[in-house]
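Asks: Here's a structure for you.
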Amino acid sequence: MASAGVDIPRRERGGERAPHRDGGDSYRPARRERTPPPPRTEEEKQATAKAEYERLLNMRSGGTYIPPARLRALQAQITDKTSKEYQRMAWEALKKSINGLINKVNTANIKHIVPELFGENLIRGRGLFCRSIMKAQAASLPFTPIYAAMAAIVNTKLPQVGELLIKRLIMQFRKGFKRNDKAVCLSSTTFLAHLINQQVQHEMLAGQILLLLLHKPTDDGVEIAVGFCREVGQYVEEMQPSIAMAVFDQFRNILHEADIDKRTQYMIEVLFQVRKDKFKDNPAVKEELDLVEEEDQITHQANLEGEIDVQDGLNIFKFDADWEENEEAYKKLRAEILGEASDDDDDDGGDGDDEDESSEEENEETKAMEIKDQSNADLVNLRRVIYLTIMSSADPEEAVHKLIKINLPAGQEPELPSMIVECCSQEKTYTKFFGLIGERFAKINRLWCDLFEQSFAKYYETIHRYENNKLRNIAQLFGHMLGVDAIGWHCLSVIHLNEDETTASSRIFIKILFQSIVEEIGLQKLRQRTTDEILRPDLEGMFPKDNARNIRFSINYFTSIGMGALTEEMREFLQNMPKPALPAPRYSSDSESLSSYSSYSESDRSSRDDRKRRRSESRTPPRRVRARS
């Protein structure tokens with residue numbers, strides 16, 4: 001079939017060709033020159049980084065893993081502190097830092113970890129801190145004392161953190177108790193026990209938990225109560241003996257009456273043995289973890305019952321419009337806590353300026369050291385603290401325990417025995433409460449024994465200044481302490497029982513003193529004490545043997561107060577005492593004495609004869625002789 005003469009264009013070989021492009025096919029169109037994109041502004045870079053970070057966080061529930069290099073790159077791009085993304089990154093860094101510090105704390109490094117912990121914003125991250133420390137404690141119960149010590153230190157500076165931790169532990173215990181979750185109850189009660197030992201929480205909570213666990217005893221409940229009591233028992237015994245007594249009575253009733261397992265009964269018996277040993281293997285606070293002074297600690301009064309706000313919203317991130325202001329406020333608080341210098345100080349000064357500042361600081365320190373309180377305000381405050389401590393105590397043991405914890409300044413130790421005696425003297429009638437306090441102190445340490453002996457000498461010398469009621473109370477106090485051998489009998493050497501060295505007040509004082517000693521040990525033992533060869537040199541002032549006058553005075557005194565049995569030795573000594581002879585005249589030699597005596601006697605005789613003759617001549621008239629006729 002013939003073609004219809006359709007013209008088909010063909011490329012001529014020798015014709016014109018399109019210009020060849022270097023390195024390309026001849027039939028492809030020419031490549032256009034691309035213009036470079038305009039440079040992005042800083043705001044656009046920030047927006048892109050924020051969007052990328054938000055996308056990565058919200059990719060799936062709980063976020064996604066971000067490689068560290070990429071995360072650092074994103075963080076370096078996001079610098080706007082008012083943005084939500086920047087605050088979110090700071091929140092994640094805060095959570096990571098708190099977790100890391102809590103997980104690596106131990107007994108050796110706790111003093112170094114706590115300052116680092118204060119370097120983080122614990123006001124903002126207090127929810128994170130509580131959740132992290134509770135989680136770490138539940139995972140490792142043997143580390144509970146260390147976590148409690150860390151919480152106690154934080155509580156001294158940031159009490160809201162300690163209060164939140166206690167509330168969350170109480171709520172966790174309540175939930176575990178309702179759900180019969182033994183592990184949760186055990187971890188919660190162990191942590192609370194050590195917080196009570198550190199005085200972060202009041203010991204009343206321990207009594208509430210123990211009574212709740214023992215109200216309807218079960219094997220698990222009694223086991224948790226035994227473990228809790230072993231941890232907190234020593235502290236409760238010292239601070240609240242009444243609570244300890246009620247709890248152990250309940251344990252005793254359960255042991256005898258309740259239907260519990262043999263293993264649980266054995267645990268209760270072991271607990272009683274631990275109590276008998278005074279919890280020597282379960283001290284309230286170990287020495288290496290006793291890092292907080294008692295006066296610096298803040299004790300919270302959380303209760304087991306009632307509504308508790310655990311502030312769960314603090315566990316999650318929330319945008320803060322005043323983020324920068326809050327961070328600056330915490331920086332100032334951190335500098336105050338750690339004693340750091342403010343960041344606003346200029347560092348441009350030379351070495352000369354530093355030397356001048358250091359010299360000025362030294363001068364200020366010396367001036368501060370030279371200031372002395374001449375108003376005795378510190379002494380008055382110390383006496384007030386001692387007085388209120390004594391008068392607010394329910395029993396002598398509590399009073400002694402609280403008084404020992406008072407931080408006495410150096411050189412002010414004699415104020416404590418003095419205030420005990422003064423408080424006793426202020427009472428209308430003598431109570432043994434003060435005598436038991438003095439006895440316990442004198443037997444605790446030799447220092448207090450010596451101070452009470454010095455107080456006895458001081459009060460005896462100034463007893464005439466006190467009225468009869470105060471005098472009687474003071475004498476009975478020291479009489480009790482002498483009767484129970486709390487102070488040494490050698491302190492009686494200051495008493496010299498004679499007419500010249502005693503007054504009416506001192507004689508009354510000695511009478512009441514000896515009557516109190518007789519009430520404590522009896523007259524027979526008192527007589528044995530007074531005749532003891534070791535004590536005899538110290539009692540020579542009261543039972544003298546120097547002269548008859550003092551001996552008679554002492555005999556009459558003790559006989560008048562009904563203690564004549566003490567004077568038997570003095571009576572025998574007085575009877576056998578030789579009578580004093582008249583002193584003979586002393587001369588130079590025997591011959592002189594004889595000659596002088598003979599001459600004296602002859603002259604004396606002649607003088608007497610002359611006087612008699614003259615007297616007879618003067619009195620007798622001469623006789624007249626009558627002549628006889």
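The values are calculated or read from the model by the stated rules, or taken from the named source; none is laboratory data. From a predicted model like this one, the values you see are computed outputs, not experimental measurements. Please note: Cβ atoms are built from the backbone with ideal geometry, for glycine as well, and neighbour counts cover all protein chains shown. Just so you know, the surface numbers come from the protein's heavy atoms only, side chains and all, with ligands and any DNA or RNA stripped out. Shrake-Rupley method; radii C 1.70, N 1.55, O 1.52, S 1.80 Å.
Asks: Using only Cα atoms, figure out Rg for region 474-539 and give it as a multiple of 2.2 N^0.38 Å.
Replies: Values: Rg = 11.6 Å, N = 66, 2.2 N^0.38 = 10.8 Å.
Dividing the Cα Rg of region 474-539 by 2.2 N^0.38 Å gives 1.07.
Asks: Taking R0 as 51 Å, what's the FRET efficiency between ARG446 and VAL184 from their Cβ-Cβ distance, rounded to 0.05?
Replies: 0.55
Asks: How much accessible area per residue does region 87-314 have, counting only protein heavy atoms and a probe of 1.4 Å, in square angstrom? Don't jump to the answer; show the numbers that get you there.
Replies: Details: 10760 Å² over 228 residues.
It amounts to 47 Å² per residue over region 87-314.
Asks: Quick one: in region 489-583, what % of C-alpha pairs are over 22 Å apart?
Replies: That tail contains 24 percent of the Cα-Cα pairs.
Asks: Right, here's the next one. When only the heavy atoms of the protein chains count and the probe is 1.4 Å, how do LYS84, LYS96, LYS167 rank by accessible area, highest first? Please report the intermediate quantities before stating the final value.
Replies: On the way: LYS84 105, LYS96 155, LYS167 55 Å².
These residues rank, largest area first, as LYS96, LYS84, LYS167.
Asks: Over region 108-184, with every protein chain in place, what whole percent of the accessible area is carbon and sulfur at 1.4 Å, could you tell me?
Replies: C and S fraction of accessible area: 55 percent.
Asks: By how many nm would the segment from VAL270 to GLN311 lengthen if fully extended, with 0.36 nm per residue of separation less the alpha-carbon distance?
Replies: Difference between extended and current length: 10.8 nm.
Asks: Could you pull the accessible area for PHE279 with a 1.4 Å probe, rounded to 10 Å²?
Replies: For PHE279, the solvent-accessible surface is approximately 10 Å².
Asks: Sort out for me the Cα centre separation of region 100-137 from region 256-272, rounded to whole Å.
Replies: Each part reduced to its Cα centre gives a spacing of 39 Å.
Asks: For region 104-192, taking Cα atoms only, what is the radius of gyration to one decimal and the Dmax to the nearest whole Å?
Replies: Cα radius of gyration and Dmax of region 104-192 are 13.0, 39 Å respectively.
Asks: Taking every pair of distinct Cα atoms and averaging 1/r, then inverting, what Kirkwood hydrodynamic radius in Å comes out for region 426-576?
Replies: Roughly 15.8 Å, rounded to one decimal.
Asks: Here's another thing I want to ask about it. Hey, can you grab everything whose amide H is under 5 Å from the amide H of HIS300? Only 5+ residues off in sequence or another chain; H modelled, so Pro and N-termini drop out.
Replies: GLN201, HIS202
Asks: Can you compute 3J(HN,Hα) from phi for each residue in region 99-110, using the Karplus curve 6.51 cos²θ - 1.76 cosθ + 1.60 with θ = phi - 60°, rounded to whole Hz and x for Gly and Pro?
Replies: For region 99-110, the Karplus-derived couplings read 4, x, 5, 5, 6, 9, 6, 8, 4, 6, 10, 5 Hz, x marking Gly and Pro.
Asks: Using only protein heavy atoms and a 1.4 Å probe, report how much of CYS423 is accessible, in Å² to the nearest 10.
Replies: 0
Asks: For ASP538, ASP261, ASP546, what's the largest-to-smallest order of accessible area, 1.4 Å probe?
Replies: Solvent-accessible surface, decreasing: ASP546, ASP261, ASP538.
Asks: Between ASN253 and HIS496, what's the calculated FRET efficiency when r is the beta-carbon distance and R0 is 60 Å? Round to 0.05.
Replies: 0.50
Asks: Oh, and also: Could you work out, for region 87-314, what percent of all Cα-Cα pairs fall into each 5 Å distance bin, beginning at 0 Å and stopping at the bin that holds the largest distance?
Replies: 1, 7, 15, 18, 20, 16, 11, 7, 4, 2, 1, 0, 0
Asks: Something else: Roll a 1.4 angstrom probe over the protein heavy atoms and tell me the percent of accessible area of region 426-576 that is carbon or sulfur. Mind showing how you got there, number by number?
Replies: Values: 3480 of 7580 Å².
Taking all protein chains in place, region 426-576 shows 46 percent carbon and sulfur surface.
Asks: Mind giving me the nanometre distance, one decimal, between the label points for GLN160 and ALA377, set 7 Å out from Cα along Cα→Cβ?
Replies: 3.2
Asks: Relative to the present Cα-Cα distance, how much length would full extension add between GLU540 and LYS104 at 0.36 nm per residue of separation?
Replies: Gain in length upon complete extension: 150.1 nm.
Asks: GLN524 to ASP281: extension gain in nm, 0.36 nm per residue of separation minus the Cα-Cα distance?
Replies: The GLN524-ASP281 span can extend by a further 83.1 nm.
Asks: Between LYS96 and GLN208, how many nm apart are label points set 7 Å from Cα along the C-beta direction?
Replies: So the two model labels end up 4.0 nm from each other.
Asks: Leaving ligands, DNA and RNA out of it, work out the accessible area of HIS496 with a 1.4 Å probe and give it in Å² to the nearest 10.
Replies: Its heavy atoms expose roughly 70 Å² to the probe.
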